[in-house]
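These notes concern the structure reproduced below.
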Amino acid sequence: MIVSRRTASHAFFSSKVETWITDAVADGIADYTGLLRRLPGVYPTELLASLERLAASRAIDPALYATARQEAKPVSPSGAEGRSLLPLPHPLDYEWRFTADASRALLNHAADLTPDGSEVLLFGTPGLAAEALTLPISRRMSLLVEPNSVTDRLVALNRATGSPLAIAFCSGGLPRDSADAVLLDPPWYLDFVRPMLTAAAHACRLGGFVLISLPPDGARPTAATDRQAAITLAKRLGLTLVERQPLSIAYETPFFERNALRAAGIATPPQWRRGDLLVFQRVAAPCLPAPHSHRRRLWAEVVIGRMRLFISMGANADNGDADLVSIVAGDVLPSVSRRDPRRSSANVWTSGNRVFRTNNPQLLLEAAISCAGEAMGSGFQPWLWGTLRGGEAIERVAAELRDLAALEAAEETGAPAETERSAVWRLSTTISSTGSTAIRSG
Ligand SMILES: C[S@@+](CC[C@H](N)C(=O)[O-])C[C@H]1O[C@@H](n2cnc3c(N)ncnc32)[C@H](O)[C@@H]1O
């Protein structure tokens, strides 16, 4: 029988997870929360599946699985964790934010490695930047980010606090040989880690430090080899590993992930996810050229109330109905993995991990902008949409979007939502950019 390399590596990983679990159980840790915290970043669904297998084979007491399953049952809507100064993280940005404590620890770590008055670059870390704005740090701080509504809010917060951060977009060119420390947290995929680590090495001066968060061993089957690939790349970039602190960086569970897990029938304890901190020192010139580190923009973003709506303006639109077509039962994608095949069907995505298909992204975008414009006193104006039918279509879709935003706002506060896609109250709405143009990202 031929077994694919991927299946074999997953089987090997599953047996590793089972060993971690039996070791933890032998140490007296037998509850879902305790196991999630003890294991090295194993995803909750993977943990429960492993417990089920172990119980079925009597390698653990089946009562232990039954209790863990019970403990993992969601009791109420998702709720949100963490800082609220920034807009919600969006799954298409892979935005897992550090806890406030982890942010402070990272900033202190960078400060310990660098002299007073030196330059610290925050790269792809909007949550960390928001935390930095609240702290007295005797370093020159700069931030390199993507253009989106989170960055818009950071720009406003920065201005309100006397502009301690120099904020720049990664699309506008990368700094060279200037930072004494670079803190970065790329999405945990090698196609993000490689260009961002390369850009960080180029931005760092000789003798400076690069601090990066990478997935721990249990995060996925390839986590350990991916980390090794990053270390090997770092060597070619003139970076030498000086420190590794496994599982030392705690993350908030974003609203989109809480929703995804709830849709999968699972609740999570707060802040279960952790990353490994790796600290490199730049000891030589990079052997690889500086990359274009910015992503191609495929998605337009419109903010309606608290909901961030991403719409793909790709070429596959047929200019039919703009209505939101369900792709998955209940509309919330019950996974946050980039490998989930259902992702490719979606061209509309909310910050609550709801996914849809529309046959007319342009019309949907216009409806979203009209919802967002209401807060600025320039709401829906049907006569601007040529035909009466066009105006009615926009109005119908806009009502659907308002309902969605209301539903997700209720979930975010942990309030029981009435019925899916049928909330009746209206929201105050904002658009994420100045004026009425939507922001493209992704
Ligand atoms: C895992 S999150 C890191 C957030 C961080 N933990 C925090 O609390 O601030 C990854 C971030 O990388 C950003 N990102 C992705 N590609 C980027 C690029 N080429 N340049 C700058 N930021 C990027 C995403 O927008 C997202 O905010």
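So the values come out like this:
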quantity: Pair list, Cβ < 7 Å and 6+ apart or interchain, from the stretch 236-255 residues that are at positive phi to residues that are assigned to a strand (DSSP E or B) and away from the ligand (no atom under 12 Å from the Cβ); calculated: Gly238/Arg282; Leu247/Asp276
quantity: Enumeration of residues in the stretch 73-104 that are away from the ligand (no atom under 16 Å from the Cβ) and at pLDDT 95 or above; calculated: none
quantity: Single residue of the stretch 105-132 satisfying the filter (buried (at least 20 other Cβ atoms within 10 Å of the Cβ) and without any contact (Cβ under 8 Å) to a residue 40 or more places away in the chain) that is nearest to the ligand (Cβ to nearest atom); calculated: Ala129
quantity: Test: Arg282 is more than 20 Å from His90 (Cβ to Cβ) and either touching a Leu at 6+ places or on another chain (Cβ under 7 Å) or without any contact (Cβ under 8 Å) to a residue 60 or more places away in the chain (or both); calculated: yes
quantity: Residue count, the stretch 145-189 (criterion: closer than 22 Å to Phe209 by Cα and more than 13 Å from the ligand (Cβ to nearest atom)); calculated: 8
quantity: Selected residue (criterion: nearest to Leu333 (Cα to Cα)) from residues of the stretch 264-284 that are hydrophobic (A, V, I, L, M, F, W, C) and modelled with pLDDT of 95 or more; calculated: Leu277
quantity: Criterion: of a type in the set (A, V, I, L, M, F, W, C) and more than 30 Å from Ala406 (Cα to Cα) - qualifying residue of Leu92, Leu135; calculated: Leu135
quantity: Residue in the stretch 218-240 that is at pLDDT 95 or above and in a strand (DSSP E or B) present; calculated: yes
quantity: Where Met141 falls short, out of the listed (1) crowded, with 20+ Cβ neighbours inside 10 Å; (2) within 12 Å of the ligand (Cβ to nearest atom); calculated: (2)
quantity: Residues of the stretch 328-340 classified as surrounded by fewer than 18 Cβ atoms within 10 Å (Cβ to Cβ) and under 18 Å from Leu298 (Cβ atoms), total; calculated: 2
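The values are calculated or read from the model by the stated rules, or taken from the named source; none is laboratory data. Remember, it's a predicted structure, so these values are computed and weren't measured experimentally. When we count neighbours, we look across all protein chains shown, and the Cβ atoms used for this are built from the backbone with ideal geometry, even at glycine.
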